[in-house]
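First up is the structure itself, then whatever we jot down about it.
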Amino acid sequence: MDSLTHAIVAAILTEALGLPQLLPFVVLGAVIIDADILFSFFSRHQPSLYLFIHGGIAHSLAGAVAMSALAYAGIALAALAGLTNPVLSWGAGVTGFLAVLAGAFLHLAMDLPATPGIPLLAPASDRKYAFFILPGPSILLMAVSLFFAVWMALGVVTLAEGMVAYAAIFVAFLLVRVVAFLASRPGLEGAVRVIPQVNPLRWLAIYDHGDSWEVEEYRIGSGRAGHMVYPKSTNISENEVVPYLSLPEVRRLRYHSYIITAGRDGGAITFSDPLRVSGRIFYPPHYKQVRVPGRGPAAASSPG
C-alpha cells in the first residue's frame, strides 16, 4: 500500500485506541518503512544489494526494527537538543520507541495481503510472503486516501468525521477483496500462485507443469480465459540453467518476478519474467529481464 494510506490507517487506529499523544510516533513508524525507496540509488548498480530496494529488506521484521530505531534516534536527538515541539519531546522515553515500532509492524501487516509480497525474514531469506488478496499497489485505495486527506485538510469535514468515513470505506474495500478471494478459490484449484488483478472479479492463475508455466485468467462467474504457456527453458537444459541462478543479476531478477524462463540465443542466455515483459503484470516495474554470457559466471549485462 502507499505511504498516505499507511499514515491514515495508523492515525485512525491510534485515535480509536485512545492514544492521541502517540499519534506522531505511530504515524512516523508507519511511513518510515517506505523510505527504502531511496535505497535504489545505491543498489541499482550493485546487483548483490538487490534487497536494498523499495519492498526489500526494510519490509522485513529485522528491517522494521532497524528503521524504527533510526527514526526514533532522530526524534530523541532532536528532543534532547531542544529542536522539536514539546509534544514530541515526550518521545525520548521507551514508550515513544515502542509506538514507532508498532507503526512499522502495522505497515508490514498492511502490506502482507498485497502482491508481490514482502521478505519478512530478510536478510536470512529473500523469500516473499503474501496473502495475495490485493493487487499491489492499489490505485483505487491510493486515490481514496488522497481524496480524504485533501478533504480533511481543507476543513470540508472535521478530522473525526473524515476518519470515520475513511475507516468505513477502507473496511468495505477489504471485505470486497476478501469475499472475492474466497469466491475464486474453487475455480483456481491446482494453481501454484494466484495474482489478484485490479478488477476484484479477475485473477491470474499460474500452474507449474514441470517444463513449462501455464497462465490463465480466471473470472468469477464466467470461468477461465486467456490461456498462455511459457516454456521454462528454450535451447538450453534445466541442468545447464542451474549454475546461473546464483548470479547476483539473476537473483535480483528472480526476486522481482512471478515466473522465470531461460533461453539460449547464440552465446548468451536470457532470463526473463514473461508476464512483466509482456505487460500482463505491471508491478514491480523494474528488472524484468537480464542477459548473461553463456560461458562461465561472468558478470551480466544491464537488465532490460
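Laboratory data are not the source of any read-out in this text; all were calculated from the coordinates shown. Predicted, not measured: the structure shown is a model, and the values here were computed from it. Cβ atoms come from the backbone with ideal geometry, glycine included; neighbour counts cover every protein chain shown.
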Gyration tensor over alpha-carbon atoms, the chain, equivalent ellipsoid semi-axes in Å:
39, 26, 14
Hey, could you pull the Cα Rg and Dmax for the range 1-124, both in Å?
14.8, 46
ARG224-SER125 pseudo-label distance in nm [points 7 Å out on the Cα-to-Cβ vector]:
2.9
For the peptides 159-167, 256-264, 172-180, what is the packing order when you average, over each peptide's residues, the other Cβ atoms within 10 Å and list the highest mean first?
256-264, 159-167, 172-180
For the range 233-293, give me the percentage of DSSP beta bridges that are antiparallel, rounded to the nearest 5 percent.
85
Expected unfolding gain across ALA153-ILE169 under the 0.36 nm per residue rule, minus the alpha-carbon gap, is 3.9 nm
Return the calculated 222 nm mean residue ellipticity for the chain, to the nearest 500 deg cm²/dmol, obtained by summing -39500 (n - 2.57) across DSSP H runs with n ≥ 4 and dividing by the residue count.
-13000 deg cm²/dmol
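Helix check for the chain. Which DSSP H runs span at least 15 Å along their own axis by Cα, with a mean Kyte-Doolittle hydropathy no less than 1.0?
3-16, 61-80, 94-111, 139-153, 159-184
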Given C-alpha coordinates of the range 95-224, what is the ratio Rg to Rh with the Kirkwood estimate of Rh?
1.06
Cα extents of the range 233-293 along the three principal axes, largest first, in whole Å?
29, 20, 16
